[in-house]
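Data first, discussion second: the structure below is written as C-alpha coordinates.
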Amino acid sequence: MLQDASMSKNILLINPWIYDFAAYDFWMKPLGLLTLGSLLRANRHRVSYIDCLNPYSEPMLKKTGRSPKRHAYGHGRFYRQVIEKPSCLKAFPRSYCRYGMDPDVFRAELGRFSDTDIVLVTSMMTYWYPGVFDAIQIVRETLPGVPVVLGGKYASLCHEHALAESGADYVISGRGEKQILELLRGIFNEEILFSPEENDLDALPYPAFDLADRIDQVPLITSLGCPYRCSYCSSPLFYKQHLRRDPGKIADEIEYWHKNFGVADFSFYDDALLVNPESSIVPLLHDIKRRGIDCRFHCPNGLHVREIDAPLSRLLFASGFKTIRFGFETARFEAQEKTGGKVRNDELRRAVAHLKEAGYKTRDIGVYLLCGLPDQKAGDVSGSIDFVLRCGARPVLAEYSPIPGTKMWPEAVAASVFDIQREPLYHNNTLLCCRNNDFSYEAYRRMKERVKALLWETGLPDGTTGSN
(Lines give C-alpha, C1' and ligand atoms only; values in the text may rest on other atoms or scores of the structure.)
Protein backbone atom coordinates (compact mmCIF):
# COMPACT_ATOMS: atom_id res chain seq x y z
CA MET A 1 0.00 0.00 0.00
CA LEU A 2 1.42 3.39 -1.01
CA GLN A 3 1.41 5.96 1.78
CA ASP A 4 0.16 9.45 0.93
CA ALA A 5 2.46 11.97 2.63
CA SER A 6 -0.58 13.95 3.79
CA MET A 7 -2.04 10.90 5.52
CA SER A 8 -1.31 9.78 9.06
CA LYS A 9 -2.22 6.21 10.12
CA ASN A 10 -3.34 3.25 7.99
CA ILE A 11 -6.62 2.05 9.47
CA LEU A 12 -8.37 -1.13 8.39
CA LEU A 13 -12.12 -1.55 8.93
CA ILE A 14 -13.55 -5.08 9.11
CA ASN A 15 -17.16 -6.20 8.91
CA PRO A 16 -16.99 -9.81 10.20
CA TRP A 17 -18.93 -12.94 9.30
CA ILE A 18 -22.35 -13.99 10.49
CA TYR A 19 -22.43 -17.43 12.12
CA ASP A 20 -26.02 -18.56 12.46
CA PHE A 21 -28.71 -21.05 11.48
CA ALA A 22 -30.05 -18.65 8.85
CA ALA A 23 -29.18 -15.20 7.52
CA TYR A 24 -30.40 -13.02 4.68
CA ASP A 25 -29.27 -9.58 3.57
CA PHE A 26 -32.29 -7.35 4.18
CA TRP A 27 -30.46 -4.13 3.17
CA MET A 28 -27.72 -4.84 5.72
CA LYS A 29 -24.68 -2.57 5.87
CA PRO A 30 -22.26 -1.70 8.73
CA LEU A 31 -23.42 1.90 8.80
CA GLY A 32 -21.67 2.82 12.06
CA LEU A 33 -18.34 1.35 10.96
CA LEU A 34 -18.41 3.14 7.60
CA THR A 35 -19.38 6.41 9.25
CA LEU A 36 -16.30 6.03 11.44
CA GLY A 37 -14.33 5.41 8.25
CA SER A 38 -15.38 8.77 6.84
CA LEU A 39 -14.68 10.50 10.14
CA LEU A 40 -11.18 9.00 10.20
CA ARG A 41 -10.55 10.12 6.62
CA ALA A 42 -11.62 13.63 7.66
CA ASN A 43 -8.84 13.36 10.28
CA ARG A 44 -6.30 12.57 7.54
CA HIS A 45 -6.06 8.84 8.13
CA ARG A 46 -5.86 6.37 5.27
CA VAL A 47 -8.81 3.97 5.56
CA SER A 48 -9.29 0.54 3.97
CA TYR A 49 -12.15 -1.92 4.31
CA ILE A 50 -12.76 -5.67 4.23
CA ASP A 51 -16.37 -6.80 4.22
CA CYS A 52 -16.57 -10.50 5.08
CA LEU A 53 -20.23 -10.42 3.99
CA ASN A 54 -19.47 -8.95 0.55
CA PRO A 55 -21.70 -10.81 -1.97
CA TYR A 56 -19.77 -9.25 -4.87
CA SER A 57 -16.30 -10.45 -3.84
CA GLU A 58 -14.24 -11.20 -6.96
CA PRO A 59 -11.97 -13.72 -5.15
CA MET A 60 -15.07 -15.59 -3.94
CA LEU A 61 -16.56 -15.59 -7.43
CA LYS A 62 -13.32 -17.07 -8.77
CA LYS A 63 -13.17 -19.63 -5.96
CA THR A 64 -16.79 -20.81 -6.15
CA GLY A 65 -17.67 -20.06 -9.76
CA ARG A 66 -20.94 -18.45 -8.72
CA SER A 67 -22.35 -15.49 -6.85
CA PRO A 68 -25.25 -15.40 -4.37
CA LYS A 69 -28.69 -14.59 -5.74
CA ARG A 70 -29.44 -10.90 -5.39
CA HIS A 71 -32.62 -8.86 -5.84
CA ALA A 72 -32.80 -5.80 -8.06
CA TYR A 73 -33.75 -3.70 -5.03
CA GLY A 74 -30.39 -4.34 -3.32
CA HIS A 75 -31.10 -7.26 -1.00
CA GLY A 76 -30.34 -10.97 -1.38
CA ARG A 77 -28.32 -13.93 -0.20
CA PHE A 78 -24.81 -14.20 1.17
CA TYR A 79 -22.15 -16.77 0.38
CA ARG A 80 -22.80 -19.67 2.75
CA GLN A 81 -20.82 -22.59 4.16
CA VAL A 82 -22.03 -25.16 6.71
CA ILE A 83 -19.69 -25.28 9.73
CA GLU A 84 -19.55 -27.11 13.04
CA LYS A 85 -22.04 -25.92 15.62
CA PRO A 86 -20.82 -24.52 18.94
CA SER A 87 -21.08 -27.20 21.61
CA CYS A 88 -23.98 -25.49 23.39
CA LEU A 89 -26.05 -25.56 20.17
CA LYS A 90 -25.29 -29.11 19.05
CA ALA A 91 -28.68 -30.44 20.17
CA PHE A 92 -30.53 -28.00 17.93
CA PRO A 93 -31.48 -29.88 14.72
CA ARG A 94 -30.48 -27.34 12.08
CA SER A 95 -27.35 -26.65 10.09
CA TYR A 96 -25.13 -23.91 11.42
CA CYS A 97 -23.42 -21.79 8.79
CA ARG A 98 -20.76 -19.23 8.11
CA TYR A 99 -22.27 -16.46 5.99
CA GLY A 100 -19.72 -14.56 3.94
CA MET A 101 -16.38 -15.15 2.30
CA ASP A 102 -14.15 -18.18 2.82
CA PRO A 103 -11.55 -17.70 5.60
CA ASP A 104 -8.72 -18.26 3.11
CA VAL A 105 -10.06 -15.41 1.00
CA PHE A 106 -10.18 -13.27 4.13
CA ARG A 107 -6.56 -14.12 4.92
CA ALA A 108 -5.51 -13.20 1.40
CA GLU A 109 -7.40 -9.90 1.66
CA LEU A 110 -5.67 -9.13 4.95
CA GLY A 111 -2.32 -9.78 3.29
CA ARG A 112 -2.89 -6.75 1.07
CA PHE A 113 -2.77 -4.48 4.11
CA SER A 114 0.49 -5.48 5.77
CA ASP A 115 1.28 -1.86 6.71
CA THR A 116 -1.90 -1.46 8.76
CA ASP A 117 -1.44 0.50 11.97
CA ILE A 118 -4.74 -0.39 13.67
CA VAL A 119 -7.80 -2.55 12.92
CA LEU A 120 -11.40 -1.67 13.77
CA VAL A 121 -13.89 -4.55 13.90
CA THR A 122 -17.63 -4.06 14.26
CA SER A 123 -20.25 -6.43 15.66
CA MET A 124 -24.00 -6.82 15.26
CA MET A 125 -26.25 -9.38 16.96
CA THR A 126 -25.01 -10.56 20.36
CA TYR A 127 -25.23 -14.20 19.26
CA TRP A 128 -23.11 -13.61 16.15
CA TYR A 129 -19.98 -13.17 18.24
CA PRO A 130 -18.27 -16.41 17.03
CA GLY A 131 -17.76 -14.84 13.59
CA VAL A 132 -16.34 -11.73 15.27
CA PHE A 133 -13.94 -13.81 17.36
CA ASP A 134 -12.72 -15.79 14.34
CA ALA A 135 -12.11 -12.60 12.38
CA ILE A 136 -10.08 -11.14 15.27
CA GLN A 137 -8.05 -14.35 15.63
CA ILE A 138 -7.17 -14.37 11.92
CA VAL A 139 -6.18 -10.70 12.12
CA ARG A 140 -3.88 -11.61 15.01
CA GLU A 141 -2.26 -14.37 12.95
CA THR A 142 -1.93 -12.35 9.74
CA LEU A 143 -1.10 -8.92 11.16
CA PRO A 144 0.81 -9.73 14.37
CA GLY A 145 1.29 -6.85 16.76
CA VAL A 146 -1.36 -4.63 15.17
CA PRO A 147 -3.86 -3.32 17.76
CA VAL A 148 -7.46 -4.51 17.30
CA VAL A 149 -10.45 -2.43 18.43
CA LEU A 150 -13.91 -3.99 18.74
CA GLY A 151 -17.14 -2.00 18.77
CA GLY A 152 -20.78 -2.33 17.76
CA LYS A 153 -23.89 -3.84 19.27
CA TYR A 154 -22.45 -7.06 20.71
CA ALA A 155 -19.48 -5.17 22.15
CA SER A 156 -21.88 -2.71 23.83
CA LEU A 157 -24.63 -5.05 25.04
CA CYS A 158 -22.27 -7.82 26.20
CA HIS A 159 -19.32 -5.62 27.11
CA GLU A 160 -17.86 -7.80 29.87
CA HIS A 161 -18.14 -10.92 27.69
CA ALA A 162 -16.37 -9.13 24.85
CA LEU A 163 -13.61 -7.86 27.14
CA ALA A 164 -12.97 -11.34 28.50
CA GLU A 165 -13.38 -13.47 25.38
CA SER A 166 -12.99 -11.54 22.11
CA GLY A 167 -9.21 -11.21 21.92
CA ALA A 168 -9.48 -7.52 21.03
CA ASP A 169 -7.05 -5.05 22.57
CA TYR A 170 -9.78 -2.47 23.10
CA VAL A 171 -13.55 -2.87 23.38
CA ILE A 172 -15.71 0.21 22.87
CA SER A 173 -19.24 0.44 24.22
CA GLY A 174 -21.82 2.80 22.70
CA ARG A 175 -21.29 5.43 20.03
CA GLY A 176 -17.72 5.35 18.81
CA GLU A 177 -17.03 8.66 17.08
CA LYS A 178 -15.33 10.49 19.92
CA GLN A 179 -14.02 7.32 21.57
CA ILE A 180 -12.09 6.25 18.47
CA LEU A 181 -10.50 9.66 18.00
CA GLU A 182 -9.48 9.76 21.66
CA LEU A 183 -8.11 6.23 21.41
CA LEU A 184 -5.96 7.14 18.41
CA ARG A 185 -4.67 10.17 20.27
CA GLY A 186 -3.80 7.97 23.24
CA ILE A 187 -2.11 5.18 21.25
CA PHE A 188 -0.37 7.16 18.50
CA ASN A 189 -0.39 10.71 19.86
CA GLU A 190 -2.55 11.68 16.87
CA GLU A 191 -3.97 15.18 16.81
CA ILE A 192 -7.75 15.36 16.46
CA LEU A 193 -8.43 17.60 13.46
CA PHE A 194 -12.19 17.16 13.19
CA SER A 195 -14.55 16.03 15.95
CA PRO A 196 -18.21 16.75 15.19
CA GLU A 197 -20.77 17.46 17.89
CA GLU A 198 -22.38 14.08 18.63
CA ASN A 199 -25.87 15.55 18.98
CA ASP A 200 -25.64 17.20 15.56
CA LEU A 201 -26.23 14.26 13.22
CA ASP A 202 -25.81 16.48 10.15
CA ALA A 203 -22.24 17.29 11.22
CA LEU A 204 -21.12 13.72 10.56
CA PRO A 205 -19.65 12.98 7.11
CA TYR A 206 -21.49 10.60 4.81
CA PRO A 207 -20.57 6.93 5.46
CA ALA A 208 -17.67 5.62 3.36
CA PHE A 209 -19.75 3.36 1.10
CA ASP A 210 -17.27 4.11 -1.68
CA LEU A 211 -14.88 1.69 0.06
CA ALA A 212 -17.16 -1.21 -0.95
CA ASP A 213 -16.73 -3.15 -4.19
CA ARG A 214 -20.23 -2.16 -5.25
CA ILE A 215 -22.90 0.15 -3.83
CA ASP A 216 -26.13 -1.74 -4.49
CA GLN A 217 -28.14 0.31 -1.97
CA VAL A 218 -27.53 2.95 0.65
CA PRO A 219 -28.96 2.83 4.18
CA LEU A 220 -29.98 6.14 5.69
CA ILE A 221 -30.27 7.40 9.23
CA THR A 222 -32.62 10.37 9.55
CA SER A 223 -32.75 10.12 13.33
CA LEU A 224 -31.25 8.29 16.29
CA GLY A 225 -33.27 6.96 19.20
CA CYS A 226 -37.01 6.77 19.70
CA PRO A 227 -39.57 8.60 21.88
CA TYR A 228 -41.11 5.23 22.78
CA ARG A 229 -39.55 2.90 25.34
CA CYS A 230 -40.65 -0.57 24.23
CA SER A 231 -39.65 -3.20 26.78
CA TYR A 232 -38.04 -5.55 24.24
CA CYS A 233 -36.04 -2.91 22.33
CA SER A 234 -32.42 -1.83 22.82
CA SER A 235 -32.80 1.64 21.30
CA PRO A 236 -33.07 3.41 24.72
CA LEU A 237 -29.83 1.72 25.79
CA PHE A 238 -27.89 3.29 22.94
CA TYR A 239 -29.62 6.66 22.63
CA LYS A 240 -30.88 8.62 25.63
CA GLN A 241 -32.73 11.13 23.46
CA HIS A 242 -34.40 11.26 20.07
CA LEU A 243 -32.10 13.16 17.69
CA ARG A 244 -33.22 14.16 14.19
CA ARG A 245 -31.48 15.35 11.05
CA ASP A 246 -32.57 18.27 8.92
CA PRO A 247 -34.79 16.97 6.05
CA GLY A 248 -32.97 19.13 3.52
CA LYS A 249 -29.60 17.66 4.55
CA ILE A 250 -31.00 14.14 4.15
CA ALA A 251 -32.22 15.06 0.67
CA ASP A 252 -28.70 16.34 -0.09
CA GLU A 253 -27.27 12.94 0.89
CA ILE A 254 -29.78 11.02 -1.22
CA GLU A 255 -28.99 13.27 -4.19
CA TYR A 256 -25.25 12.76 -3.64
CA TRP A 257 -25.42 8.96 -3.79
CA HIS A 258 -27.94 9.01 -6.62
CA LYS A 259 -26.03 11.42 -8.88
CA ASN A 260 -22.47 10.33 -8.13
CA PHE A 261 -22.91 6.56 -7.79
CA GLY A 262 -26.21 5.82 -9.54
CA VAL A 263 -27.86 4.52 -6.36
CA ALA A 264 -31.61 3.99 -6.81
CA ASP A 265 -32.46 2.08 -3.62
CA PHE A 266 -32.34 3.58 -0.13
CA SER A 267 -33.21 1.84 3.12
CA PHE A 268 -34.10 3.60 6.36
CA TYR A 269 -32.46 2.32 9.55
CA ASP A 270 -34.43 4.64 11.86
CA ASP A 271 -36.19 3.41 14.97
CA ALA A 272 -38.81 6.17 14.59
CA LEU A 273 -38.91 7.28 10.95
CA LEU A 274 -42.56 8.38 10.91
CA VAL A 275 -42.76 10.10 14.30
CA ASN A 276 -43.82 13.76 13.86
CA PRO A 277 -44.05 13.32 10.09
CA GLU A 278 -44.90 16.97 9.28
CA SER A 279 -41.46 18.06 10.44
CA SER A 280 -39.49 15.08 9.11
CA ILE A 281 -40.54 12.57 6.47
CA VAL A 282 -43.11 14.83 4.76
CA PRO A 283 -40.74 17.72 3.93
CA LEU A 284 -38.03 15.20 3.01
CA LEU A 285 -40.20 13.46 0.42
CA HIS A 286 -41.48 16.74 -1.01
CA ASP A 287 -37.85 17.87 -1.38
CA ILE A 288 -36.93 14.63 -3.16
CA LYS A 289 -39.81 15.18 -5.58
CA ARG A 290 -38.82 18.83 -6.16
CA ARG A 291 -35.27 17.76 -7.05
CA GLY A 292 -36.56 15.15 -9.52
CA ILE A 293 -34.69 12.24 -7.90
CA ASP A 294 -36.07 8.92 -9.13
CA CYS A 295 -35.45 6.34 -6.41
CA ARG A 296 -37.02 3.63 -4.27
CA PHE A 297 -37.28 3.45 -0.49
CA HIS A 298 -37.34 0.42 1.83
CA CYS A 299 -38.18 0.17 5.53
CA PRO A 300 -36.99 -3.19 6.92
CA ASN A 301 -37.28 -1.75 10.44
CA GLY A 302 -40.80 -1.60 11.82
CA LEU A 303 -42.53 1.75 11.17
CA HIS A 304 -44.92 3.35 13.63
CA VAL A 305 -48.51 2.65 12.62
CA ARG A 306 -49.91 5.53 14.67
CA GLU A 307 -48.71 8.22 12.26
CA ILE A 308 -50.28 6.77 9.11
CA ASP A 309 -53.16 8.83 7.72
CA ALA A 310 -54.56 9.33 4.21
CA PRO A 311 -52.22 12.15 3.06
CA LEU A 312 -49.08 10.40 4.37
CA SER A 313 -50.16 7.11 2.75
CA ARG A 314 -50.55 8.83 -0.62
CA LEU A 315 -47.18 10.55 -0.21
CA LEU A 316 -45.39 7.28 0.66
CA PHE A 317 -46.89 5.55 -2.35
CA ALA A 318 -46.12 8.39 -4.75
CA SER A 319 -42.55 8.70 -3.42
CA GLY A 320 -41.61 5.09 -4.19
CA PHE A 321 -41.79 3.38 -0.79
CA LYS A 322 -41.64 -0.23 -1.96
CA THR A 323 -40.96 -2.14 1.26
CA ILE A 324 -43.33 -1.24 4.10
CA ARG A 325 -43.06 -2.98 7.47
CA PHE A 326 -44.87 -2.05 10.69
CA GLY A 327 -43.93 -2.93 14.24
CA PHE A 328 -47.26 -4.18 15.61
CA GLU A 329 -45.94 -7.10 17.71
CA THR A 330 -49.30 -8.30 19.14
CA ALA A 331 -53.06 -7.74 18.88
CA ARG A 332 -53.60 -8.42 22.60
CA PHE A 333 -54.28 -5.11 24.34
CA GLU A 334 -52.69 -6.09 27.69
CA ALA A 335 -49.45 -7.08 25.93
CA GLN A 336 -49.46 -3.86 23.89
CA GLU A 337 -49.67 -1.80 27.06
CA LYS A 338 -47.05 -3.86 28.87
CA THR A 339 -44.48 -3.66 26.05
CA GLY A 340 -44.74 0.09 25.53
CA GLY A 341 -48.15 1.11 24.24
CA LYS A 342 -46.88 2.37 20.88
CA VAL A 343 -49.84 0.99 18.87
CA ARG A 344 -53.46 -0.10 19.22
CA ASN A 345 -55.57 -2.42 17.09
CA ASP A 346 -57.77 0.35 15.73
CA GLU A 347 -54.67 2.25 14.61
CA LEU A 348 -53.42 -0.69 12.56
CA ARG A 349 -56.86 -1.22 11.03
CA ARG A 350 -57.12 2.44 10.07
CA ALA A 351 -53.53 2.61 8.74
CA VAL A 352 -53.97 -0.41 6.47
CA ALA A 353 -57.18 1.05 5.07
CA HIS A 354 -55.42 4.34 4.25
CA LEU A 355 -52.48 2.55 2.63
CA LYS A 356 -54.78 0.46 0.44
CA GLU A 357 -56.72 3.52 -0.63
CA ALA A 358 -53.38 5.05 -1.65
CA GLY A 359 -52.56 2.08 -3.88
CA TYR A 360 -50.74 -0.50 -1.76
CA LYS A 361 -51.74 -4.17 -1.99
CA THR A 362 -51.96 -6.70 0.83
CA ARG A 363 -48.61 -8.17 -0.18
CA ASP A 364 -46.95 -4.76 0.22
CA ILE A 365 -47.99 -4.16 3.85
CA GLY A 366 -45.94 -6.34 6.19
CA VAL A 367 -46.79 -6.40 9.89
CA TYR A 368 -44.25 -7.79 12.34
CA LEU A 369 -45.62 -10.07 15.07
CA LEU A 370 -43.26 -11.02 17.90
CA CYS A 371 -43.18 -14.72 18.75
CA GLY A 372 -41.67 -16.33 21.83
CA LEU A 373 -41.95 -13.48 24.32
CA PRO A 374 -41.68 -14.46 28.00
CA ASP A 375 -44.92 -16.19 29.12
CA GLN A 376 -46.52 -15.70 25.71
CA LYS A 377 -49.37 -18.05 24.77
CA ALA A 378 -49.72 -19.65 21.37
CA GLY A 379 -53.27 -18.36 21.17
CA ASP A 380 -52.05 -14.78 21.49
CA VAL A 381 -49.90 -15.10 18.38
CA SER A 382 -52.54 -17.05 16.48
CA GLY A 383 -55.11 -14.37 17.31
CA SER A 384 -52.71 -11.65 16.19
CA ILE A 385 -52.20 -13.42 12.86
CA ASP A 386 -55.98 -13.55 12.37
CA PHE A 387 -56.32 -9.88 13.22
CA VAL A 388 -53.63 -8.77 10.75
CA LEU A 389 -55.23 -10.86 8.01
CA ARG A 390 -58.64 -9.36 8.76
CA CYS A 391 -57.09 -5.90 8.46
CA GLY A 392 -55.92 -6.84 4.96
CA ALA A 393 -52.19 -6.90 5.67
CA ARG A 394 -49.45 -9.51 5.59
CA PRO A 395 -48.33 -11.06 8.90
CA VAL A 396 -44.56 -11.36 9.29
CA LEU A 397 -43.52 -13.61 12.18
CA ALA A 398 -40.45 -12.35 14.02
CA GLU A 399 -38.90 -14.51 16.72
CA TYR A 400 -38.06 -12.68 19.94
CA SER A 401 -34.39 -12.35 20.83
CA PRO A 402 -33.69 -11.33 24.47
CA ILE A 403 -31.45 -8.27 24.71
CA PRO A 404 -29.39 -7.59 27.85
CA GLY A 405 -30.31 -4.37 29.60
CA THR A 406 -33.81 -3.98 28.18
CA LYS A 407 -36.87 -3.73 30.42
CA MET A 408 -37.93 -7.22 29.36
CA TRP A 409 -34.53 -8.78 30.08
CA PRO A 410 -35.29 -9.87 33.69
CA GLU A 411 -38.48 -11.58 32.48
CA ALA A 412 -36.52 -13.34 29.75
CA VAL A 413 -33.90 -14.51 32.24
CA ALA A 414 -36.64 -15.94 34.48
CA ALA A 415 -38.55 -17.56 31.61
CA SER A 416 -35.73 -19.03 29.52
CA VAL A 417 -34.63 -22.64 29.83
CA PHE A 418 -31.16 -21.48 28.75
CA ASP A 419 -28.49 -19.58 30.66
CA ILE A 420 -28.90 -16.41 28.62
CA GLN A 421 -27.01 -14.32 31.18
CA ARG A 422 -23.71 -16.12 30.65
CA GLU A 423 -23.96 -17.32 27.05
CA PRO A 424 -24.99 -14.85 24.31
CA LEU A 425 -25.39 -17.72 21.81
CA TYR A 426 -28.63 -18.49 23.66
CA HIS A 427 -29.99 -15.09 22.58
CA ASN A 428 -30.41 -16.55 19.09
CA ASN A 429 -34.03 -16.01 18.09
CA THR A 430 -34.11 -19.29 16.18
CA LEU A 431 -34.00 -21.09 19.54
CA LEU A 432 -37.16 -19.38 20.85
CA CYS A 433 -35.32 -19.32 24.14
CA CYS A 434 -38.38 -18.21 26.16
CA ARG A 435 -40.74 -20.87 24.81
CA ASN A 436 -42.99 -22.63 27.28
CA ASN A 437 -45.33 -25.62 27.49
CA ASP A 438 -48.12 -23.71 25.78
CA PHE A 439 -45.94 -21.92 23.21
CA SER A 440 -43.56 -24.72 22.29
CA TYR A 441 -41.19 -24.83 19.35
CA GLU A 442 -43.53 -27.27 17.63
CA ALA A 443 -46.46 -24.91 18.16
CA TYR A 444 -44.43 -22.16 16.55
CA ARG A 445 -43.52 -24.36 13.58
CA ARG A 446 -47.20 -25.16 13.01
CA MET A 447 -48.03 -21.47 13.21
CA LYS A 448 -45.31 -20.63 10.73
CA GLU A 449 -46.58 -23.24 8.29
CA ARG A 450 -50.10 -21.93 8.71
CA VAL A 451 -49.03 -18.40 7.77
CA LYS A 452 -47.13 -19.74 4.79
CA ALA A 453 -50.16 -21.71 3.61
CA LEU A 454 -52.49 -18.72 4.02
CA LEU A 455 -50.17 -16.54 2.01
CA TRP A 456 -49.85 -19.10 -0.76
CA GLU A 457 -53.62 -19.34 -0.95
CA THR A 458 -53.86 -15.62 -1.52
CA GLY A 459 -50.95 -15.57 -3.95
CA LEU A 460 -48.57 -13.78 -1.60
CA PRO A 461 -44.90 -14.61 -0.97
CA ASP A 462 -43.89 -16.23 2.32
CA GLY A 463 -44.40 -13.70 5.12
CA THR A 464 -42.19 -15.33 7.74
CA THR A 465 -38.75 -14.05 8.59
CA GLY A 466 -35.46 -15.87 8.75
CA SER A 467 -33.32 -16.06 11.85
CA ASN A 468 -32.44 -12.40 11.66
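The values are calculated or read from the model by the stated rules, or taken from the named source; none is laboratory data. This structure is a prediction, so every number in the text was calculated from the model and none was measured. Heads up, the Cβs are rebuilt from the backbone with ideal geometry, glycines too, and the neighbour counts pull from every protein chain shown.
Whenever a residue of the range 195-206 is aliphatic (A, V, I, L, M), its partners that are part of a helix (DSSP H, G or I), lying with C-beta atoms within less than 8 angstrom and at least six residues away or across chains, give the pairs 204/35; 204/38; 204/39; 204/177. All conditions in (1) under 28 Å from residue 159 (Cβ atoms); (2) at pLDDT 95 or above hold for residue 398, with the sole exception of (2). Among strands (runs of 3 or more DSSP E) entirely within the range 59-148, having at least 1 residues that are at pLDDT 95 or above and of a type outside the set (A, V, I, L, M, F, W, C) singles out 80-83, 96-99. Scanning the range 151-174 for residues that are assigned to a strand (DSSP E or B) and surrounded by fewer than 21 Cβ atoms within 10 Å (Cβ to Cβ) returns a single hit, 170. Any idea which residue in the range 180-199 is farthest from the chain's Cα centre (by Cα), counting only those that are β-branched (Val, Ile, Thr) and assigned to a helix (DSSP H, G or I)? Among those residues, the one meeting the criterion is 187.
Scanning the range 72-89 for residues that are touching a strand residue (DSSP E or B) at 6+ places or on another chain (Cβ under 9 Å) and without any contact (Cβ under 8 Å) to a residue 60 or more places away in the chain yields 72, 76, 77, 79, 80, 81, 82, 84, 85.
The set of residues in the range 316-336 being assigned to a helix (DSSP H, G or I) and touching a Lys or Arg at 6+ places or on another chain (Cβ under 9 Å) consists of 318, 333, 336.
Consider the range 92-142 and keep the residues that are basic (Lys, Arg) and closer than 25 Å to residue 66 by Cβ. The one that is surrounded by the most Cβ atoms within 10 Å (Cβ to Cβ) is 98.
Residue 372 falls short of the stated requirement of being small (Gly, Ala, Ser), within 22 Å of residue 280 (Cβ to Cβ) and either surrounded by fewer than 20 Cβ atoms within 10 Å (Cβ to Cβ) or under 25 Å from the mean Cα position of the chain (by Cα) (or both). Take the residues in the range 408-451 that are modelled with pLDDT of 95 or more, charged (D, E, K, R) and part of a loop (DSSP other than H, G, I, E, B); name whichever of them is surrounded by the most Cβ atoms within 10 Å (Cβ to Cβ). Checking each candidate, the answer is 423. Of all residues in the range 342-361, those that are under 12 Å from residue 391 (Cβ atoms) have Cβ atoms under 7 Å from Cβ atoms of residues that are buried (at least 16 other Cβ atoms within 10 Å of the Cβ) and among the hydroxyl-bearing types (Ser, Thr, Tyr), 6 or more apart or on another chain, in 354/313; 355/313.
Looking across the range 200-213, the residues that are surrounded by 18 or more Cβ atoms within 10 Å (Cβ to Cβ) and either assigned to a loop (DSSP other than H, G, I, E, B) or assigned by TED's automatic domain parsing to the domain that holds residue 43 (or both) come down to 204, 207, 208. If you check 48, 38 for being assigned to a helix (DSSP H, G or I), of a type in the set (Ser, Thr, Tyr), surrounded by fewer than 21 Cβ atoms within 10 Å (Cβ to Cβ) and modelled with pLDDT of 95 or more, only one passes: 38.
Checked against the criterion of being closer than 30 Å to residue 429 by Cα and not charged (D, E, K, R), the range 176-192 contains one or more residues that satisfy it. Evaluating residue 162 against the criteria (1) in contact with a Phe, Trp or Tyr (Cβ under 7 Å, 6 or more places away or on another chain); (2) over 28 Å from residue 403 (Cα atoms) leaves one unmet condition, (2). Taken across the range 327-336, residues that are aromatic (Phe, Trp, Tyr) and surrounded by fewer than 22 Cβ atoms within 10 Å (Cβ to Cβ) do occur, with at least one present.
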